[in-house]
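Chemist: Dropping a structure here in structure tokens format, bear with me for questions.
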Amino acid sequence: MQTHEIRQRFTQHFVNAGHTAVPSASLILDDPTLLFVNAGMVPFKPYFLGQQTPPFPGGTATSIQKCVRTLDIEEVGITTRHNTFFQMAGNFSFGQYFKEGAIKNAWSLLTNPLDEGGYGLDPERLWVTVFLDDDEAADIWEHTIGVPAERIQRMGMEDNFWSMGIPGPCGPCSEIYYDRGPEHGKDGGPIADDTRYLEIWNLVFMESIRGDGDKKGGFDIVGELPKKNIDTGMGVERVACILQGVDNVYETDLLRPVIDRAVEVTGARYNEGNADDDVRFRVIADHSRTAMMIILDGVTPSNEGRGYILRRLLRRIVRSARLLGASGEVLEEFMNTIMDTMTPSFPEIAENRERIVRVAVTEERAFMKTLVSGTHRFEEAAAATKSAGTSKLSGSQAFELHDTYGFPIDLTLEMAREAGLEVDMDAFDAEMQAQRARAKADNKAKKQGNIDESLYREWVDASPTEFVGYTELNHPGKVIGLIRGGERVGEVSQGQDVEVILDVTPMYAESGGQLGDRGRIVVGDTVLDVHDVQKVGKKLWVHKATVRDGGLDVGQLVTAEVDPTWRHGARQAHTATHLIHAALRQVLGPTAVQAGSMNKPGYLRFDFNYTEQLSDAQLREITTITNEAVDADLAVNTIETSLEEAKAMGAMALFGENYGSEVRVVEIGGPFSIELCGGTHVGHSSQIGPVAVLGESSVGSGARRIEAYAGMESFRYFSKEAALASSLAAELKTPTDELPARIAQLTERLRAAEKEIEALNRQQLVSQSAQYVAKAQQAGQFTLVALTLAEGIGAADLRTVAADVRERLGAVPGVVALASVSGEKVPFAVAVTTEGVGAGVKAGDLVKLLGGYVDGKGGGKPDLAQGSGSNPAGIDAGLAAVRDELTRR
Ligand code: SER
């Protein structure tokens, strides 16, 4: 039975039993704790926790969820069952049926005959496990279903208690195994052998909430869920493996074609006794699919997070193929093959084929550039390590491979293992940290003028700044530190550039993309102009200022004043950034993940991961949705809450960002936009004023940037555009509406006129040919026309004239050699008559000769050749050389 049909039967079975069929969610959800969706229940988590009411009429649902788990990547191809991408078919009950319903439903699908919509598995081959003290489940299996007691086994926390590995819903589970027969391992049920007995379905009786701790059992149960729920997950690939009678998941119908393609591409053989090669083939099949599916969901290769996983998968494929004997590029072939097999189940692949291939091949080319030299470098390092009598590759060598040759550390680890070596990972990590610190310091240095952070340490530790700027624009504060020229000082005076540290401040320090406030610090007659505010650590505010009047001492009480105009603009721009983000995701979908942003009064830019250029229509739609949201006067609310709560609200967070346990949520118009954000915002969206989207552009490897103006800046922009249009309209004497048509018409006329001029010029040139013929001279047996034509004659015209003059020479052994100066270039051409060619002269040879004098190159046919050089001073000597050459013959 094909995988596609296994899926269909699953869905049908549960729809018949009243479940709502829910499509697979994207592999990428907004959850900073989760790289990829890794279980069917992930999108349903709020329903289990009782935070949201499930929107399914009967309170039950079924889905076939795309999942990625890369924790076991090393196992791929070695065991029979580890796929990094797999499809988890599941049924879910939110407070409806519980253990008995789940067990009956699963059993009937597995064992019902094929013609009744089931999978027709032999009940005698099925084994089940239950959690240690779960007598209720054991009883249902034995007495309601009729599984003999000896095929019901009990397992502990590690195996039969399921949670997401993090605090959240959990419960005991019961697993169903299929006995593949004695040729696959020893007797004794799943407890004895989990290769022979293949786990195919996990039924989780979701009833509790777990706290912090280890994934496998080392956590406490901290509460009960409001209702008893069911979450099950059947491994589609594993069922396919059984129903298709193949040895392992890599040989099922969706993956096997990639192995076959790899056999063709590499010339190596599969399943003919070379175990290492077999693993490589399976790695290629598995990773090709995973890479393809995560590119489909919008990931592009990078050195972090999801992008790093993708990079690692793609590079592993390329390396495996090389080890199997491939010499050229392979990813296009593999991507095409896997897309063919996967499209029937995932039709959205069809319109993304080109993009998927492009992303994969770009990465392949980047890697190929360094693969050979990197491998060479690795081998040198490995040999040196061994001859030094150790078995540990140094951290700096691993770091060099990463930094210079683009070898993901996991690749180095793998290669080291193959060579019987280890890698000094502590030293490698230290090098990476040092590099990160350097990059950070670089960035900071640009902002902070290269200041040693140790200067601030005491304040950071002892008495950081209290920020009151969400509600106040003016506030008293005490000067707790002054810094000048990189040193702590006790006082500062007029004209000096200083850094001021206050115990309390209303001034916003740059973070979350929003630039620091501008404003003043005042006391009595003393005034400091604050031109930037930066944070040191998370809590120390550093005001960068110039003393305009008076002086300041440490310990003085001052008032810090935010420039209200600056803040007004900053709030507008920051709230506009959130609106654009929300609009962008409405238009492009959830794969357009934020990659960074910057906003300051009147202006914002927003970077996001997306490989396609946005169309004009998409940009217009984003602009419209944004401005409609402004017009709708949506309320902007901020809520301080726990990270858990914020995620339950659906708040968008940046992946990889380190949020504290308390976070601030900015919500605009209820569900329209909910983000984790510490910035300053307007109270109502209408206060932003118009938002003018300027355009979008690429900012390198898979990221794009939208730029926009907000508030009065938009107005100024529109006014300028309107004025420009008016002046053009006046100049062209046409209404503004008709400008595009008018300009198109003018451009068309200009183009026609240029063509006409070109034709006339050529005619004129050719008409001078007769004159040139008159300048013919004799060079030995040859009639030669060797001339420098007027400046500005291009290569094409020169050739036309040369050919024309040659015709006029008539049936004699004749040669025409012409040169000219056109801009920076020296075009030249040589034409030879039939008789000339007959006498052994080749235009190409003469062109080469001439080229030598004008620093140029050229070539062509024996009767006509041309070239281009760069040294006009050599023309005369070059033509003379041609004449001498002919005379000599
Ligand atoms: N959540 C369980 C699993 O992932 C069952 O769906 O195994």
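The values are calculated or read from the model by the stated rules, or taken from the named source; none is laboratory data. Since this is a predicted model, take the numbers as computed values, not measurements. Quick reminder, even Gly has a Cβ in these numbers, built from the backbone with ideal geometry, and neighbours come from all protein chains shown. SASA here: full protein model, heavy atoms, side chains in, ligands and nucleic acids out. Shrake-Rupley method; radii C 1.70, N 1.55, O 1.52, S 1.80 Å.
Chemist: Where nothing but the Cβ of Lys and Arg (+1) and of Asp and Glu (-1) is charged, how large is the charge dipole of segment 50-144 around its Cα centre, in debye to the nearest 20?
Modeler: 540
Chemist: For every other residue with a beta carbon closer than 11 angstrom to the beta carbon of Val854, add +1 if it is Lys or Arg and -1 if Asp or Glu, then tell me the sum.
Modeler: 0
Chemist: Quote the relative contact order of the chain in percent (integer), defining contacts as alpha-carbon pairs under 8 Å separated by 6+ residues.
Modeler: It comes to 6 percent, rounded to a whole number.
Chemist: So which lysines can Lys775 reach, going by Cα to Cα under 24 Å and dropping same-chain residues fewer than 8 places off?
Modeler: Those lysines meeting the cut-off are Lys842, Lys848.
Chemist: Run through the DSSP bridge list for the chain and note the antiparallel percent, rounded to the nearest 5.
Modeler: Here the share of antiparallel DSSP bridges comes out near 85 percent.
Chemist: Output the 0 to 90 degree angle, nearest 10, between the alpha-carbon long axis of helix 305-324 and the longest principal axis computed from the alpha carbons of the chain.
Modeler: That works out to roughly 70 degrees.
Chemist: Give me the dipole magnitude in Debye, nearest 20, for segment 506-559 about the Cα centre, with unit charges on the beta carbon: positive for Lys and Arg, negative for Asp and Glu.
Modeler: That gives a dipole near 280 debye.
Chemist: Rounding to the nearest 20 debye, state how big the charge dipole of the chain is about its Cα centre with +1 on each Lys and Arg Cβ and -1 on each Asp and Glu Cβ.
Modeler: 3220
Chemist: Leaving out ligands, DNA and RNA, what percent of the accessible area of the chain is carbon and sulfur, probe 1.4 Å? Write out the running numbers ahead of the final one.
Modeler: Details: 19260 of 39410 Å².
That share works out to 49 percent.
Chemist: Another one. Which order do peptides 383-390, 273-280 fall in by mean Cβ count within 10 Å, highest first?
Modeler: Per-residue Cβ counts within 10 Å, averaged per peptide and sorted highest first, yield 273-280, 383-390.
Chemist: Round to the nearest 10 and give me the degree value, 0 to 90, for the angle of helix 99-111's Cα axis relative to the longest principal axis of the chain.
Modeler: So the helix axis and the longest Cα principal axis differ by about 60 degrees.
Chemist: So, one more: When the Debye formula is applied to the Cα atoms of segment 690-737, each taken as the same point scatterer, what base-10 log of I(q)/I(0) results at q = 0.13, 0.15 Å⁻¹?
Modeler: Cα-only, vacuum Debye calculation for segment 690-737: -0.46, -0.56.
Chemist: Follow-up question, since we're still on this one. Segment 1-55: percent of C-alpha pairs farther apart than 12 Å?
Modeler: 74
Chemist: Mind ranking Asp403, Asp503 by accessible surface for me, highest first, 1.4 Å probe?
Modeler: Sorted descending by solvent-accessible area, the residues read Asp403, Asp503.
Chemist: In Å and from the alpha-carbon atoms only, list the Rg and Dmax of segment 544-654.
Modeler: 19.0, 58
Chemist: Please report the projected area of segment 660-773's Cα convex hull averaged over all directions, in nm².
Modeler: Values: hull surface 62.7 nm².
With the hull built on Cα positions only, its mean projection is 15.7 nm².
Chemist: Still on this structure, I have one more. Restricting to DSSP loop positions (anything but H, G, I, E, B) with no more than 14 other Cβ atoms inside 10 Å of their own Cβ, which GluC sites (Glu not before Pro) remain in segment 749-857?
Modeler: Listed in order of number, the matching sites are Glu791, Glu824.
Chemist: How would Trp141, Trp107 rank on accessible area, largest to smallest, probe 1.4 Å?
Modeler: On the way: Trp141 0, Trp107 35 Å².
Ranking Trp141, Trp107 by accessible area, largest first, yields Trp107, Trp141.
Chemist: Let me ask another. From the helices alone, meaning DSSP H stretches of at least four residues, give me the mean residue ellipticity at 222 nm for the chain, per-run term -39500 (n - 2.57), in deg cm²/dmol to the nearest 500.
Modeler: Dividing the helical sum by the residues of the chain leaves -12500 deg cm²/dmol.
Chemist: How much net charge surrounds Leu557 when only the other residues with a Cβ under 12 Å from the Cβ of Leu557 are counted, with Lys and Arg +1 and Asp and Glu -1?
Modeler: -1
Chemist: Treating the angle as unsigned and between 0 and 90°, give the value, to the nearest 10°, between the Cα long axis of helix 795-809 and the longest Cα principal axis of the chain.
Modeler: 40
Chemist: With every protein chain left in place, what is the accessible area of Ser396 in Å² (1.4 Å probe, nearest 10)?
Modeler: 60
Chemist: Which pairs in the list Lys544/Lys600; Lys45/Lys228; Lys45/Lys539; Lys45/Lys647 are over 22 Å apart, alpha-carbon to alpha-carbon?
Modeler: Lys45/Lys539
Chemist: Rounded, prolate or oblate: which fits segment 71-199 when a ≥ b ≥ c are the square roots of the eigenvalues of the alpha-carbon gyration tensor, with rounded for a/c under 1.5 and prolate only if a/b beats b/c?
Modeler: Working: a/c = 1.30, a/b = 1.07, b/c = 1.22.
Rounded, because the longest to shortest axis ratio a/c is under 1.5.
Chemist: Going through the cross-link list Lys369/Lys825; Lys66/Lys104; Lys369/Lys857, which pairs have a Cα-Cα distance over 27 Å in this structure?
Modeler: Among Lys369/Lys825; Lys66/Lys104; Lys369/Lys857, the Cα-Cα distance tops 27 Å for Lys369/Lys825; Lys369/Lys857.
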